[in-house]
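Everything below concerns the one structure shown next.
The values are calculated or read from the model by the stated rules, or taken from the named source; none is laboratory data. Quick caveat, the model's predicted, so the values are computed rather than measured. Please note: Cβ atoms are built from the backbone with ideal geometry, for glycine as well, and neighbour counts cover all protein chains shown.
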Amino acid sequence: MEIARLLVLPLVPLAVHGQDLLDPLVITALRIETAQSDTPYTVAEITAESIRQSSRRTLPEAFQFTPGVLVQKTASGHGSPFVRGFTGRQNLLLVDGVRINNSSWRSGPVQYWNTIDPFSIERVELVKSQGSVLFGSDAIGGTANVFTRSSGFQDEADGAFFHHGAAYYEYRGNGDDSHVGRIESSFGVGGEYGVMFGVTAKDFGDIRDSGVGLMRNTGYPEQNLDFRLDLALNARTTLTLVHQQVNQDDIPRWHSTVFNPGWQHSGHVTAPGTWLARTYDQERSLTYARVEQVNDDGSFIRRWNATISYQTTRDSESQFRSVTDRRYQIAEVDTTGFDLSFESPLGDGDLVYGLDYYHDSVDSAGYRQRGANPLLFDPSFRPLADDSTYELFGAFAQYVWKPLESFELTGGLRYTHASAELGRYYDPVIAADVYGAERDWDNVVASLRAIHRLDPCWSIYGGASQAFRAPNLDDLSGNLTARSGVTATGSADVDPEEYLTYEIGTRHTTDNTSLNLALFYTEIDGQIVGVPVAPGSATTVATNDRDGYVYGVELEGAWRFHPQWTVSGFAAWQDGRTETAAFLGGPIVDEPGSRLLPLTGSLALRWTAPSEKFWVEGRVLAAAKEDRLPASDRADNQRIPLLGTPGYIVYMLHGGWQATDHLELTAGLENIADEDYRNHGSGQNEPGFNAILAAKVHW
């Protein structure tokens, strides 16, 4: 019944909530500024305005209306989009083109996407199935590039001093009265320099669901800071300095704890939590300096930029498994990076080429307290190898050939060298630390894409892209708690993962309509996966024992059928199979892929007043039941119900009013029917009925 109701949704969508129908310019797909309709990839752009108007709370939640993306949330403070069947370290996250993925990222859903403050974002570009040519390892399901806010000094009057500011407040009724505040200021001289500074404070309370009730210990606080300076060195050259930092305290992993009573929904049952507490602290900072130059059209190098970056992350987890067993893990990663890229006109096309290098230094420790005994260092609980380093170097070139006005062919190559030097890591076989393991790998990948414009409105695009993921420090030496209490350990013997994606799509764009249909198929070769060390064991070890495939279809578009009215929506579905060892040295088992996207769709209707001071948008979002579960998902019984995750239909209404030139008010009613539901694979239910009020004052 749920599938039938989804199938009748009009399939004329707009993946970005409230987005204008004009064809946006994107950069990430080709590293060249290109109209979205001219890229040979499926690209979604999410703007800061769409995030704010739709009241998306986090960066992962901003992808909720993007076809082909499953937004999994282990906790309210952790979100990890599954893009075309892949998540975590198999998707690549960039901020202003700087690589955020590092060598400590673990398998499966990760929380790091949740450390990007939505209020610091200008826009996000998500390129699906891009492959590894342009940005390197990890870009398998998708590449998300977050572009941060700037002062906009180049749009101000030349030579004139300017000053702008804004204050924002948001209240969420469901969340034990959650509050979000933001203040920002920008100033400078038009055409010469500009400074942007912002501070955000968040206090998210415990959320309530109609089935579970108040989910105690799901709230958390967060603080964010972002600074940006843009300085025109001359008419063609700009220096940019950026610093961002985030601090999140005591984020509960609710599903593991006694505060989780279990969930029952129409025969779908999850197990209750058993630990007394499980919390996560996270701090992250990014600082970078970039010089960019744009030359005259006749120059051999039309554009170039060089970026030096430094990042820090500090993760610490506390597990109070019982009154006599308390465990603590700490991992600190310092990352230095360098990126150099060029754009040159060449023959009947454009050549993009360059190199990048990232170096991680890692310190980690584990502690355990037994009963009334003192807290002691315990190497068996260290999250990954201590005193380790990891290096990733790449050189790439991609050529966009335009032999005809209506046809473009894009081909590229990347060479990558990755190396890891492990310090101290615990070997459970000998129950002692091991020192000094070293591994390195070399890899070459290619991509070939094409787009053909049938007429000014219609085009077809597609091609094949290789992707790979070099083993990281977690693969080689990890020792973490995964899923519903499984101990996931690494192995120094694993090799790189390899993927090949085929995609074909068609796109239609006019001033009042947009439509995109895409089909993809990804081959999986040697994916690193945790395999039980013995039948029925709750301890897994990393191996390259997973081969398989995932494929899917995505349909999105929009239709402005009246100057004040727009209808939009999307539909998407995935399927796939994998072959994985049942246990170490055991038989190969053929089973469904993990956390596949069920048939999912959305329909929205938006009205904008002729004065453009008022707007209202209603939306329905629906997903079918997901019961295609591999053995690992069935064992994850605190998050995934025994019979699979039930389907759902939720309704929401958002609106806004430009009250004055300096005051904007927005409001939202979400989950209006108070539906009891959970996103597939998540560790907690979504909030029930929620009223959201926000005000923005700017000057």
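Could you pull out the residue among THR336, THR307 that is modelled with pLDDT of 95 or more and closer than 30 Å to ALA75 by Cα?
Selected residue: THR336, the only one of THR336, THR307 that is modelled with pLDDT of 95 or more and closer than 30 Å to ALA75 by Cα.
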> Quick check: is even one residue across segment 321-337 over 24 Å from GLN244 (Cα atoms) and within 25 Å of the chain's Cα centre (by Cα)?
Replying inline: yes
> Quick check: is even one residue across segment 88-111 of a type outside the set (Asp, Glu), surrounded by fewer than 24 Cβ atoms within 10 Å (Cβ to Cβ) and within 20 Å of ASN516 (Cα to Cα)?
Replying inline: no
> For segment 495-513, what are the residues that are modelled with pLDDT under 95 and touching a helix residue (DSSP H, G or I) at 6+ places or on another chain (Cβ under 8 Å)?
Replying inline: THR509
>> Of the residues LEU629, LEU665, only one is assigned to a strand (DSSP E or B), on the phi < 0 side of the Ramachandran plot, modelled with pLDDT of 95 or more and not charged (D, E, K, R); which?
In response: LEU665
> Out of the residues in segment 295-320 that are of a type in the set (Val, Ile, Thr) and surrounded by fewer than 16 Cβ atoms within 10 Å (Cβ to Cβ), which is farthest from PRO345 (Cα to Cα)?
Replying inline: THR312
> Does ASP281 satisfy being part of a strand (DSSP E or B) and on the phi > 0 side of the Ramachandran plot?
Replying inline: no
> Can you pull out the residues in segment 378-388 that are surrounded by fewer than 17 Cβ atoms within 10 Å (Cβ to Cβ) and at pLDDT 95 or above?
Replying inline: ASP387
>> Among the residues that make up segment 300-317, is at least one of them under 30 Å from ARG382 (Cα atoms), within 21 Å of the chain's Cα centre (by Cα) and among the basic types (Lys, Arg)?
In response: yes
>> For segment 351-377, which positions are farther than 21 Å from GLU332 by Cβ, of a type in the set (A, V, I, L, M) and surrounded by 18 or more Cβ atoms within 10 Å (Cβ to Cβ)?
In response: LEU351, VAL352
> When you look at ASP455, is it in contact with a strand residue (DSSP E or B) (Cβ under 9 Å, 6 or more places away or on another chain) and surrounded by fewer than 18 Cβ atoms within 10 Å (Cβ to Cβ), yes or no?
Replying inline: no
> Of all the residues that make up segment 659-696, how many are surrounded by fewer than 16 Cβ atoms within 10 Å (Cβ to Cβ), under 16 Å from LYS613 (Cβ atoms) and not small (Gly, Ala, Ser)?
Replying inline: 5
> Quick one: which of GLY557, GLY569, GLY552, GLY548 is in a strand (DSSP E or B) and either among the basic types (Lys, Arg) or touching a Phe, Trp or Tyr at 6+ places or on another chain (Cβ under 7 Å) (or both)?
Replying inline: GLY552
> Out of all the residues in segment 578-635, which are of a type in the set (S, T, N, Q) and under 23 Å from the mean Cα position of the chain (by Cα)?
Replying inline: SER594, THR600, SER602, SER632
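Residue-wise test of (1) out of contact with any helix residue (DSSP H, G or I) (no Cβ under 6 Å at 6 or more places or on another chain); (2) acidic (Asp, Glu); (3) touching a residue at least 40 places away in the same chain (Cβ under 8 Å).
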| residue | (1), (2), (3) |
| --- | --- |
| SER266 | yes, no, yes |
| GLY273 | no, no, yes |
| ARG278 | no, no, yes |
| GLU283 | yes, yes, no |
| PHE300 | yes, no, yes |
| PHE320 | yes, no, yes |
| VAL323 | yes, no, yes |
| GLU332 | yes, yes, no |
>> Which of the numbered conditions does GLU122 fail, given that it passes all the others? Conditions: (1) among the acidic types (Asp, Glu); (2) part of a loop (DSSP other than H, G, I, E, B); (3) in contact with a Phe, Trp or Tyr (Cβ under 7 Å, 6 or more places away or on another chain).
In response: (2)
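Where in segment 458-542 are the strands (runs of 3 or more DSSP E), entirely inside, with at least 2 residues that are within 30 Å of VAL400 (Cβ to Cβ), within 25 Å of the chain's Cα centre (by Cα) and small (Gly, Ala, Ser)?
The strands (runs of 3 or more DSSP E) meeting that bar are 458-469, 513-532.
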>> Taking the condition of being farther than 27 Å from GLU421 by Cα and of a type in the set (Phe, Trp, Tyr), how many residues in segment 453-501 meet it?
In response: 2
> For ASN260, which of the numbered conditions (1) part of a loop (DSSP other than H, G, I, E, B); (2) modelled with pLDDT under 95 fails to hold?
Replying inline: (2)
>> I want to confirm something. Restricting to segment 373-422 and keeping residues that are hydrophobic (A, V, I, L, M, F, W, C) and farther than 30 Å from GLU33 by Cα, which single residue is nearest to the chain's Cα centre (by Cα)?
In response: LEU384
>> Residue under question is ALA365, and the condition is that it be among the small types (Gly, Ala, Ser) and touching a residue at least 40 places away in the same chain (Cβ under 8 Å); does it hold?
In response: no
>> Give me the residue from segment 170-203 that is in contact with a helix residue (DSSP H, G or I) (Cβ under 7 Å, 6 or more places away or on another chain) and closer than 22 Å to LEU225 by Cβ and, out of that set, surrounded by the fewest Cβ atoms within 10 Å (Cβ to Cβ).
In response: TYR193
> How many residues are touching a His at 6+ places or on another chain (Cβ under 7 Å) and either closer than 30 Å to GLY462 by Cα or part of a strand (DSSP E or B) (or both) if we restrict to segment 42-57?
Replying inline: 1
>> So the check is Cβ under 8 Å with 6+ separation or different chains; which pairs have a first residue in segment 614-635 that's crowded, with 21+ Cβ neighbours inside 10 Å and a second one that's modelled with pLDDT of 95 or more and of a type in the set (Lys, Arg)?
In response: GLU617/ARG606
> How many residues, within segment 660-677, are over 28 Å from ALA624 (Cα atoms) and in contact (Cβ under 8 Å) with a residue 40 or more places away in the chain?
Replying inline: 1
> Tell me, which residue of segment 348-362 that is free of Cβ contacts under 8 Å to residues at least 60 places away in the same chain and out of contact with any Lys or Arg (no Cβ under 9 Å at 6 or more places or on another chain) is farthest from ALA29 (Cα to Cα)?
Replying inline: SER361
>> Given the condition among the aliphatic types (A, V, I, L, M), out of contact with any His (no Cβ under 8 Å at 6 or more places or on another chain) and modelled with pLDDT under 95, answer yes or no: does some residue in segment 407-429 qualify?
In response: yes
> Looking at segment 148-160, which of the residues that are in contact (Cβ under 8 Å) with a residue 40 or more places away in the chain and crowded, with 19+ Cβ neighbours inside 10 Å is farthest from GLY190 (Cα to Cα)?
Replying inline: THR148
> Just one of GLY142, GLY159 is of a type in the set (Gly, Ala, Ser) and under 30 Å from ARG469 (Cβ atoms); which is it?
Replying inline: GLY142
> Just wondering, is there one or more residues in segment 392-414 that are surrounded by fewer than 23 Cβ atoms within 10 Å (Cβ to Cβ), outside any strand (DSSP E or B) and touching a Gly at 6+ places or on another chain (Cβ under 6 Å)?
Replying inline: no
